[in-house]
Every structure is written in C-alpha cells, then in structure tokens.
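Nothing in this text is a laboratory measurement; each read-out follows from the coordinates by a stated rule. Because the structure is a prediction, the values reported are computed rather than measured. Cβ: placed from backbone, ideal geometry, glycine included. Neighbour counts: every protein chain shown.
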Amino acid sequence: MSGKTVTRADLAEAVYQSVGLSRTESAELVERFLQVLSDSLATGENVKLSSFGSFQVRSKNERIGRNPKTGEEVPILPRQVLVFKPSNVLKSKINKSMVRTGK
C-alpha cells in the first residue's frame, strides 16, 4: 500500500469483503462511523479507538508568526486543531512493518 491513499470506497469494500454486508450497507456503515467521529470531535469530545489511537481537539492561543519571504511579522489567530495520538499497539505494528520492508 505504499504511496496509496485509502479512500471511503476502499474502507467500504474492506467491510463488504470481511463482514459480508451488502456493498450499500457497507458504504452506509463507513459513512455513519465517520459522521459519528466528526460530530463528536466538532462538539469537543475526545475519541478513543482501542488498539488504534485517540483524537482530540486542542485550542491554540494567538501567536506571532513570520512571513519567511519578507520577514514581516503576522499575528496567527487563536484556533482549534485536531490532534491524533497513535496507540502503542499501532506504533508497534507500524515499526514492525518498517523493519520487514527495510525502510
């Protein structure tokens, strides 16, 4: 899967092949999962997926940034950012696959 982006259609196809739901039901399941995930994050809730990781929304304060071309200082407004922290299980799985592929 190197260099390939996993899409909603890919996820729905994987659900279809592993679970045995119809293609339509698989696509609806994936859509519903993503909707619940994004709605939870939009309301400020943390989302933890066992053996995968956790998503949380963090607030960043206003700060001064610099335009790299001109050197001009520019205020960066306060904002919310989404942070993903992988679980130790996922980190371990990724590191094992990196060793196998020699990267």
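Structure data summary
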read-out	value
Equivalent ellipsoid dimensions for the chain as semi-axes, Å, which come from the Cα gyration tensor, largest first	34, 21, 15
Assigned charges on the beta-carbon of Lys, Arg, Asp, Glu; the chain dipole about Cα centre (debye)	660 debye
Inverse mean reciprocal Cα-Cα distance (Kirkwood Rh) of segment 1-40, Å	10.6 Å
Segment 40-98, dipole about Cα centre (Lys/Arg Cβ +1, Asp/Glu Cβ -1), debye to the nearest 20	340 debye
Cα long-axis angle, helix 8-19 against the chain (0 to 90 degrees, to the nearest 10)	30 degrees
Computed over the chain: relative contact order in percent, which uses C-alpha pairs under 8 Å that are six or more apart	18 percent
Estimated 222 nm signal from helices in the chain, with DSSP H stretches of n ≥ 4 weighted -39500 (n - 2.57), rounded to 500	-14500 deg cm²/dmol
Ranked packing of 56-65, 13-22, most packed first, by mean Cβ within 10 Å	13-22, 56-65
Cβ-based net charge around ALA27, under 12 Å, with every Lys or Arg adding one and every Asp or Glu removing one	-2
Loop trypsin sites (Lys or Arg not before Pro), segment 68-101, which have at most 11 other Cβ atoms in a 10 Å radius of their Cβ (DSSP)	LYS69
Average silhouette area of segment 60-103, convex hull of alpha-carbon atoms, in square nanometres	5.6 nm²
Sparse-neighbourhood loop sites, trypsin sites (Lys or Arg not before Pro) in segment 1-57 - DSSP loop, at most 16 other Cβ within 10 angstrom	LYS4
Cα-based helix-to-principal-axis angle, 88-101 vs the chain, degrees rounded to 10	80 degrees
Quotient of C-alpha Rg and 2.2 N^0.38 Å, computed over segment 23-77	1.83
